[in-house]
Amino acid sequence: MSDLHRQDCEPCRSGAPLAADAEIKQFLAQIPDWDILESDGVARLVRCYKFRTFTQALAFTNRVGEIAEMEQHHPAILTEWGKVTVSWWTHKIGGLHRNDFVMAAKTDLLLEI
């Protein structure tokens, strides 16, 4: 399997298959700082990033927004003083798709910018 951060999101339609347990295990190995949490019955990838200032957190939020627009796959983002919580899931299928893991990997790369 190639590195997730090098992949692009594929168009996802209603009825597309959720990521299988075996895939999820492989994907999580590449994004070990992410957790799978359930909210309203929907599995989501969630990670909280820490920053020293609100300005840094806001800049990171904007970079996440830019990659989301480029890939046409959008997360829930909570920006607070000193931290940003990012949640990825695929709304159309009500759970996790390969795209969510790709975007989580791409989000991690933004820390290096």
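We did not get these values from a lab; they are worked out from the coordinates using the rules stated. The structure presented is a predicted model; accordingly, all values stated were derived computationally and were not measured. Reconstructed Cβ throughout: ideal geometry from the backbone, glycine too, with neighbour counts over all protein chains shown.
Summed over qualifying helices (DSSP H, 4 residues or more, each -39500 (n - 2.57)) and divided by its residue number, the chain shows a 222 nm mean residue ellipticity of -11500 deg cm²/dmol. Helix 98-109: angle to the longest alpha-carbon principal axis of the chain, degrees 0 to 90, nearest 10? Computed tilt is about 20 degrees. Here's the picture: charge each Lys and Arg Cβ at +1 and each Asp and Glu Cβ at -1 in the chain, and of ALA43, ALA22, THR107 the one pushed furthest to the positive end of that dipole is THR107. Taking all Cα pairs closer than 8 Å and separated by 6 or more residues, the relative contact order of the chain comes to 37 percent.
Taking only Cα atoms, what is the 0 to 90° angle, nearest 10, from helix 54-71's long axis to the longest principal axis of the chain? Once rounded, the angle reads 30 degrees. Kindly list the residues of segment 36-60 that lie in the label zone of LYS83, defined by a backbone N under 15 Å from the point 7 Å along the Cα-to-C-beta vector. Hits in segment 36-60 for LYS83 at 15 Å: 46-54, 57-58. For segment 30-40, 3J(HN,Hα) computed residue by residue from phi via the Karplus equation (6.51, -1.76, 1.60; θ = phi - 60°) reads 8, 9, x, 8, 9, 10, 9, 10, 9, 9, 6 Hz, glycine and proline entered as x. For the peptides 79-86, 7-14, the ranking by packing is 79-86, 7-14, with the highest mean count of neighbouring Cβ atoms within 10 Å listed first. Radius of gyration over Kirkwood radius for segment 1-85, both on Cα atoms: the Rg/Rh ratio is 0.98. The simple Förster model, with R0 at 22 Å and r as the Cβ-Cβ distance, assigns HIS91 and PHE54 a FRET efficiency of 0.20.
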